[in-house]
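These notes are about the structure you will find just below.
The values are calculated or read from the model by the stated rules, or taken from the named source; none is laboratory data. None of these values were measured; they are calculated from a predicted model. All Cβ positions, even for glycine, are placed from backbone atoms using ideal geometry, and neighbour counts span all protein chains on display.
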Amino acid sequence: MATATSATTFNKFPTELIKMIVRGFSQWELYQCSLVNKVFHYGTMPLLWQTVHLYGEDSMTKFRAGLNEQQQAAGPVVRVMEGLDQLVCTLDLQNGTTTDEDMFALMKQIPSLQRLVMSQQNPCLTELSFHTLPQYWPHLTTLYLVNASLSPSAFDALGAHCPQLRNLTLHNCTGLTATTFASLQPCPLEKLSIGYFSDTVWEALDQEVQEDKDEHLLLNGFGRLTHVALWSAPPIFVMHSLENARWPRLTHFKLDVLQGGLRDDQGILAFLRNHQRLICLDLSHGRFTDVVLNTITNHLPRLMFLDISQNPNVRRVGVNRLAKQLEYLCFVHLTFCGLSGKHFPEVGFPRNLDRSGPFALNRKAIKKLQDADKATRRHQPPPTPWLSPAARRAAEEAAAAAAAENNDDDKQPTSVDPYWWKESRWLK
């Protein structure tokens with residue numbers, strides 16, 4: 001009797017509660033839960049089919065066959081496939097044999113797609129698919145393309161039909177021209193990762209930057225950008241871009257420069273001064289010096305994550321000052337910078353720590369540096385200069401107005417995602 005009562009109670013679980021229970025489960029675990037009973041079946045189906053990975057020709061064939069079976073059925077179909085076309089939100093195509101025919105079929109059969117990831121070269125896929133794609137998937141919020149053959153008309157279609165596109169990755173793609181970002185201006189882009197282009201593409205983009213620096217749409221036309229990554233970018237393009245970029249909401253920035261980095265620090269200094277909301281900064285594989293570290297210390301008070309790996313010109317003094325003065329700093333990557341644990345005796349690193357291996361300062365190490373600095377400083381405040389009552393009131397009012405204006409900037413940053421540009425992050 002107790003067993004029957006327990007089973008009855010189990011069958012009355014609210015669907016919302018089941019979704020909360022299984023939210024962090026893997027695909028296989030979700031599949032196992034879907035076999036428990038009808039209640040768990042309906043609770044897990046939206047999560048199980050939310051993301052579809054098609055990693056080979058066989059998986060593409062089976063998936064399309066299932067969609068066709070569902071659409072051709074006259075009555076109720078197998079419960080596993082019921083409403084599948086409405087459940088799929090993310091499509092991960094790791095199939096080098098995907099054809100235009102496959103893409104057209106998917107466009108028609110999955111109308112509610114929100115995220116599309118294609119990170120393998122598809123020689124059978126032409127620019128016709130990318131030109132048609134925005135018209136069938138107008139709800140796209142994320143588009144991740146690698147080795148894609150694009151055309152100016154494809155970007156025009158994205159700008160015209162995808163008003164919700166917020167996340168865009170273009171790696172080693174062809175077809176980008178000087179007007180590419182003008183076409184994308186209607187999209188409310190928040191995350192942008194571009195790079196690995198041919199010399200021809202970089203030259204076209206750089207030419208537009210030089211001709212119209214103040215009004216260039218990549219630099220000034222996307223005011224909502226919070227995450228930007230430039231990969232294998234030529235130094236000349238980086239110099240021209242960083243000097244004029246204005247992204248007022250930028251919090252995450254990744255810079256990867258070709259040919260051993262920039263010739264000097266000047267190109268990055270103005271950029272850092274103009275983007276004081278940064279909480280995550282990746283300047284690895286560069287030639288930056290302590291001048292850049294001092295600028296970071298003075299102008300990025302909210303910084304939480306910094307990667308300056310493989311910058312052999314940075315010194316212990318600059319890193320030490322940065323770690324001691326940035327209140328929210330949690331992590332500093334220093335691999336292959338010529339620094340090791342012996343340069344930070346306050347932390348107490350093991351003496352046998354490999355100097356040539358991975359090296360970083362985590363939150364615990366940074367806290368020790370900050371505590372050691374506080375212990376050695378004098379705590380006596382400087383004498384307050386004499387002010388007349390009127391001057392004192394004016395100073396207090398000015399300070400209150402400045403505090404109210406910068407209230408949002410003074411708040412502690414809540415989260416940081418140093419590897420937001422990874423493919424797996426774009427599937428969520």
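Is it true that Gln412 is modelled with pLDDT under 70, outside any helix (DSSP H, G or I) and under 28 Å from Arg277 (Cα atoms)?
Numbers: modelled with pLDDT under 70: yes; outside any helix (DSSP H, G or I): yes; under 28 Å from Arg277 (Cα atoms): yes.
The answer is yes for Gln412.
Restricting attention to segment 292-309, report how many residues are more than 20 Å from the chain's Cα centre (by Cα) and closer than 26 Å to Asn220 by Cβ. Write out each step before concluding.
Taking segment 292-309 and keeping what is more than 20 Å from the chain's Cα centre (by Cα), we get 292-299, 301.
Checking the rest, the ones that are also closer than 26 Å to Asn220 by Cβ come to 292, 295-296, 298-299, 301.
Result for segment 292-309: 6.
State yes or no: is His275 surrounded by 19 or more Cβ atoms within 10 Å (Cβ to Cβ) and within 22 Å of Met239 (Cβ to Cβ)?
Here the answer is yes, as His275 does meet what is asked.
Tally up the residues in segment 303-318 that are out of contact with any strand residue (DSSP E or B) (no Cβ under 7 Å at 6 or more places or on another chain) and either part of a helix (DSSP H, G or I) or at pLDDT 95 or above (or both), please. Even if it seems obvious, please write down each step before you answer.
Step one: of segment 303-318, the residues out of contact with any strand residue (DSSP E or B) (no Cβ under 7 Å at 6 or more places or on another chain) are 310-318.
Still in the running and either part of a helix (DSSP H, G or I) or at pLDDT 95 or above (or both): 316-318.
Adding up the residues that qualify gives 3.
Could you tell me whether any residue of segment 168-187 is under 23 Å from Ser424 (Cβ atoms) and touching a residue at least 40 places away in the same chain (Cβ under 8 Å)?
Among the residues of segment 168-187, at least one is under 23 Å from Ser424 (Cβ atoms) and touching a residue at least 40 places away in the same chain (Cβ under 8 Å), which makes the answer yes.
Residues to consider are Gly286, Gly260; find the one that is surrounded by 22 or more Cβ atoms within 10 Å (Cβ to Cβ), at pLDDT below 85 and outside any strand (DSSP E or B). Before the answer, list the steps.
Details: Gly260 fails: surrounded by 22 or more Cβ atoms within 10 Å (Cβ to Cβ).
It is Gly286.
Kindly list the number of the only condition in (1) in a loop (DSSP other than H, G, I, E, B); (2) closer than 18 Å to Glu101 by Cβ that fails for Phe130.
Result: Phe130 fails condition (1) only.
Listed residues Gln135, Gln120; which is touching a residue at least 12 places away in the same chain (Cβ under 8 Å), more than 23 Å from Ala245 (Cβ to Cβ) and not in a loop (DSSP other than H, G, I, E, B)? I'd like the intermediate steps shown before the answer.
Details: Gln120 fails: not in a loop (DSSP other than H, G, I, E, B).
The match here is Gln135.
What residue, among those in segment 218-244 that are crowded, with 18+ Cβ neighbours inside 10 Å, at pLDDT 85 or above and of a type in the set (Gly, Ala, Ser), is nearest to Leu189 (Cα to Cα)?
Ala229
Determine which single condition Gly66 fails, assuming it passes every other condition in (1) farther than 16 Å from Val88 by Cα; (2) modelled with pLDDT under 75; (3) of a type outside the set (Asp, Glu); (4) surrounded by 13 or more Cβ atoms within 10 Å (Cβ to Cβ).
Just one mismatch for Gly66, condition (1).
Test of understanding: among Thr180, Thr174, which residue is surrounded by fewer than 18 Cβ atoms within 10 Å (Cβ to Cβ) and either outside the structural domain of His240 (by TED's automatic domain parsing) or among the polar types (S, T, N, Q) (or both)? Quick ask: steps written out before the conclusion?
Values: Thr180 fails: surrounded by fewer than 18 Cβ atoms within 10 Å (Cβ to Cβ).
The match here is Thr174.
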